[in-house]
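**Q** Got a structure for you, written out below as structure tokens; questions coming shortly.
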Amino acid sequence: MWALLLPIAYLIGTFPSASLVARANGIDIRTVGSGNPGASNVTRVLGWRKGLWVFVLDAAKGALAAGLGLVIDGRPVGYALGAAAVLGHVFPAWQKLRGGKGVATGGGVFAVMSPFVFVTLVALWFAISRLSKKASLASIIIVALLPVGVGIVRQQAWEVAATIAICMLVMVRHLGNIKRLLTRNEHALT
């Protein structure tokens, strides 16, 4: 029965937080900065406060979906519905499958599924992004470390595998960022 909630979790993930926050400030976020509808681009264009709003809204999508799954039928369903929300954020049907990168929405999933790892990696993200001025570098590092953290804290092989699957989806969306980082052409955060 919980499988019927997968489309609902996907729809939750498609909520266009960045586009709505930017539009409220008179900007089409897809036409400025990197063109990515995510918290980092909103931060770049509109500043930290607006970027933080987008991060919180995007994380809430993942947390809502994962929390719903957790309450309905435990951890496996939490991961499944959380992954569906990330998928909705990254590939929204009504935006020609061109969504955000999934870091904040995925973060929301792990705020519910593994809160200690989430808090630790958010702190690390802020430190790396402040030092490097590259949100993508910080995101790539924490996405790579997330399965390790889940493995240490949860120590369940299936949870690590589920985490790797979600992280691979997010990492694929960062391939362009990785190329730009290697050629030193990546956008600065601020």
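The values are calculated or read from the model by the stated rules, or taken from the named source; none is laboratory data. Remember, predicted model here, so these are calculated numbers, not experimental data. No Cβ is skipped: glycine too gets one built from the backbone with ideal geometry, and neighbour counts run over all protein chains shown. Keep in mind that these areas ignore ligands, DNA and RNA; they rest on the heavy atoms of the full protein, side chains included. Shrake-Rupley method; radii C 1.70, N 1.55, O 1.52, S 1.80 Å.
**Q** Taking the Cα centre of region 41-190 as origin and charging only Cβ (+1 Lys, Arg; -1 Asp, Glu), how large is the dipole, in debye to the nearest 20?
**A** Magnitude of the dipole: close to 700 debye.
**Q** While we're on this one: Enumerate by residue number the trypsin sites (Lys or Arg not before Pro) in region 116-147 meeting two conditions: DSSP loop (anything except H, G, I, E, B), and at most 14 other Cβ atoms within 10 Å of the site's Cβ.
**A** For trypsin sites (Lys or Arg not before Pro) across region 116-147 that sit outside H, G, I, E and B with at most 14 neighbouring Cβ atoms in 10 Å, the list reads K133.
**Q** What residue among V21, V86, V54 has the largest mean-square fluctuation in a Gaussian network model of the chain, using Cα springs under 10 Å?
**A** Answer for the Gaussian network model of the chain: V21.
**Q** Related question: Residues with beta-carbon under 15 Å from that of I128, excluding I128: net charge, scoring Lys, Arg +1 and Asp, Glu -1?
**A** +2
**Q** So what's the chain giving for Cα Rg divided by 2.2 N^0.38 Å, two decimals?
**A** Details: Rg = 15.6 Å, N = 190, 2.2 N^0.38 = 16.2 Å.
For the chain, the normalised Cα radius of gyration comes out at 0.97.
**Q** Find the percent of Cα-Cα distances in region 90-190 that exceed 18 Å, and round it to a whole number.
**A** On the way: 2443 of 5050 pairs.
Counting pairs separated by more than 18 Å, the tail of P(r) holds 48 percent.
**Q** Cα gyration tensor of region 1-91, axes a ≥ b ≥ c as square roots of the eigenvalues: rounded (a/c below 1.5), prolate (a/b > b/c) or oblate?
**A** Prolate, because a/c is 1.5 or more and a/b exceeds b/c.
**Q** A further question on this structure: How large is the helix-only mean residue ellipticity at 222 nm for the chain, computed as the sum of -39500 (n - 2.57) over DSSP H runs with n ≥ 4, divided by its residue count, in deg cm²/dmol to the nearest 500? Let's see the in-between values first.
**A** Values: 10 runs with 139 residues, N = 190.
So the calculated ellipticity at 222 nm is -23500 deg cm²/dmol.
**Q** Determine the distance separating the Cα centre of region 1-49 from the Cα centre of region 164-178; give it in Å without decimals.
**A** That distance is 17 Å.
**Q** Largest first, how would F116, F110 line up by accessible area (1.4 Å probe)? If you can, show how the numbers build up before the last one.
**A** Numbers: F116 140, F110 5 Å².
From most exposed to least exposed: F116, F110.
**Q** Who wins for biggest fluctuation among A135, A144, A104 in a Gaussian network model of the chain, springs between alpha carbons below 10 Å?
**A** A144
**Q** I'd like to verify something in the chain: which complete DSSP H helices, judged by Cα projection on the helix axis, reach 20 Å or more and average at least 0.0 on the Kyte-Doolittle scale? List each step's numbers first, then the result.
**A** Working: long enough: 48-73 (37 Å, 0.97); 75-90 (22 Å, 0.98); 115-132 (25 Å, 1.73); 135-154 (27 Å, 2.16); 157-172 (22 Å, 2.11).
Qualifying helices: 48-73, 75-90, 115-132, 135-154, 157-172.
**Q** Based on a Kirkwood Rh over C-alpha pairs, give the Stokes-Einstein translational diffusion coefficient of region 56-144 at 10 °C and viscosity 1.306 mPa s in µm²/s.
**A** It comes out at roughly 120 µm²/s.
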